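Visitor: Input: one structure, supplied below.
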Amino acid sequence: MKDLEKIPSFTIDHEKLKRGIYVSRKDQVGDEILTTFDIRMKEPNREPVINNAELHTIEHLGATYLRNDPEYKDKIIYFGPMGCRTGNYLVMQGDLDSKDIVELMKNTFAFIRDFEGEIPGTTAKDCGNYLDHNLDMAKYEAKKFYDEVLDNITEENLVYPS
């Protein structure tokens, strides 16, 4: 296939991208708008990426929290890791902006940061790679993101760089 169109996420200047919450795309699906958020926990190519085990745990805890949130649970479509391991994608029903989900992300990452007990969905029956988890490091990464980004979020952490 020649002359493939570059997909939108590859047009973002990753050399300028900060940690934050960004609208990655909006898609019309029938009568609904789906908003995909880039929940960027690491500065691309400038910080070490998140290891698979803790990213997997963040996925399990984040998805569990989001799908149980009383206000947003019916709007959550997907929460999961980026292939580059610098963050997660969150897909939600609705025509939303980054600022609309700041409190939801604070609550989600506080839940991960403070989580104690057995990680949901970590049995061989429930998960395709159930042994690959790291709760302590997931909590560390969630706390770092919360303290350094979410707790004092600014416009530069909410709008993609131009």
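Visitor: From the list ARG85, ARG46, ARG40, ARG67, exactly one residue is of a type in the set (Lys, Arg), closer than 20 Å to GLU118 by Cα and at pLDDT 95 or above. Which is it?
Guide: Among ARG85, ARG46, ARG40, ARG67, only ARG67 is of a type in the set (Lys, Arg), closer than 20 Å to GLU118 by Cα and at pLDDT 95 or above.
Visitor: Can you run down the residue pairs with Cβ atoms below 7 Å, 6 or more apart or on separate chains, where the first is in segment 9-24 and of a type in the set (Val, Ile, Thr) and the partner is assigned to a loop (DSSP other than H, G, I, E, B)?
Guide: Listed by first residue and then by second, the contacts come to ILE12/TYR160; ILE21/LEU158; VAL23/ASP97.
Visitor: Sticking with this one: With respect to ASN129, is the statement that it is assigned to a loop (DSSP other than H, G, I, E, B), in contact with a helix residue (DSSP H, G or I) (Cβ under 9 Å, 6 or more places away or on another chain) and not charged (D, E, K, R) true?
Guide: Against the criterion (assigned to a loop (DSSP other than H, G, I, E, B), in contact with a helix residue (DSSP H, G or I) (Cβ under 9 Å, 6 or more places away or on another chain) and not charged (D, E, K, R)), ASN129 qualifies.
Visitor: Would you pick out the residues in segment 112-126 that are of a type in the set (A, V, I, L, M), part of a loop (DSSP other than H, G, I, E, B) and under 26 Å from LEU150 (Cα atoms)?
Guide: Of everything in segment 112-126, just one residue is of a type in the set (A, V, I, L, M), part of a loop (DSSP other than H, G, I, E, B) and under 26 Å from LEU150 (Cα atoms), namely ILE119.
Visitor: For segment 99-111, enumerate the residues that are more than 12 Å from the chain's Cα centre (by Cα) and either in a strand (DSSP E or B) or among the polar types (S, T, N, Q) (or both).
Guide: Of everything in segment 99-111, just one residue is more than 12 Å from the chain's Cα centre (by Cα) and either in a strand (DSSP E or B) or among the polar types (S, T, N, Q) (or both), namely ASN107.
Visitor: Check THR35, THR57 and return the single one that is hydroxyl-bearing (Ser, Thr, Tyr) and either in contact with a helix residue (DSSP H, G or I) (Cβ under 6 Å, 6 or more places away or on another chain) or at positive phi (or both).
Guide: THR57
Visitor: May I pose another question? In the set ASP27, ASP95, ASP114, which member is out of contact with any Ser or Thr (no Cβ under 8 Å at 6 or more places or on another chain) and either loosely packed, with under 15 Cβ neighbours inside 10 Å or acidic (Asp, Glu) (or both)?
Guide: ASP114
Visitor: Oh, and also: Within segment 32-40, does at least one residue satisfy the condition of being under 14 Å from PHE109 (Cα atoms) and out of contact with any Pro (no Cβ under 9 Å at 6 or more places or on another chain)?
Guide: Within segment 32-40, one or more residues are under 14 Å from PHE109 (Cα atoms) and out of contact with any Pro (no Cβ under 9 Å at 6 or more places or on another chain).
Visitor: Let me ask you something else. Among the residues of segment 38-62 satisfying the criterion of being under 13 Å from LEU135 (Cβ atoms) and among the β-branched types (Val, Ile, Thr), which is surrounded by the fewest Cβ atoms within 10 Å (Cβ to Cβ)?
Guide: THR57
Visitor: Restricting attention to segment 75-98, report how many residues are among the hydrophobic types (A, V, I, L, M, F, W, C) and more than 11 Å from the chain's Cα centre (by Cα).
Guide: The qualifying residues number 5.
Visitor: Somewhere in segment 73-86, is a residue touching a strand residue (DSSP E or B) at 6+ places or on another chain (Cβ under 7 Å), of a type in the set (Ser, Thr, Tyr) and surrounded by fewer than 19 Cβ atoms within 10 Å (Cβ to Cβ)?
Guide: Looking for residues that are touching a strand residue (DSSP E or B) at 6+ places or on another chain (Cβ under 7 Å), of a type in the set (Ser, Thr, Tyr) and surrounded by fewer than 19 Cβ atoms within 10 Å (Cβ to Cβ), one finds at least one in segment 73-86, hence yes.
Visitor: Can you tell which of ASP100, ASP74 is within 17 Å of VAL23 (Cα to Cα) and of a type in the set (D, E, K, R)?
Guide: The unique qualifying residue is ASP100.
Visitor: Looking at segment 24-97, what strands (runs of 3 or more DSSP E) fall wholly within it and have at least 1 residues that are among the charged types (D, E, K, R)?
Guide: 32-40
Visitor: I've got another one for you. Out of curiosity, is TYR72 closer than 21 Å to LYS144 by Cβ, over 11 Å from the mean Cα position of the chain (by Cα) and of a type outside the set (Val, Ile, Thr)?
Guide: Answer is no for this residue.
The values are calculated or read from the model by the stated rules, or taken from the named source; none is laboratory data. All of these numbers come straight from a predicted model, not from anything done at the bench. For neighbour counting, all protein chains shown are included, and Cβ atoms are generated from backbone atoms with ideal geometry for every residue, glycine included.
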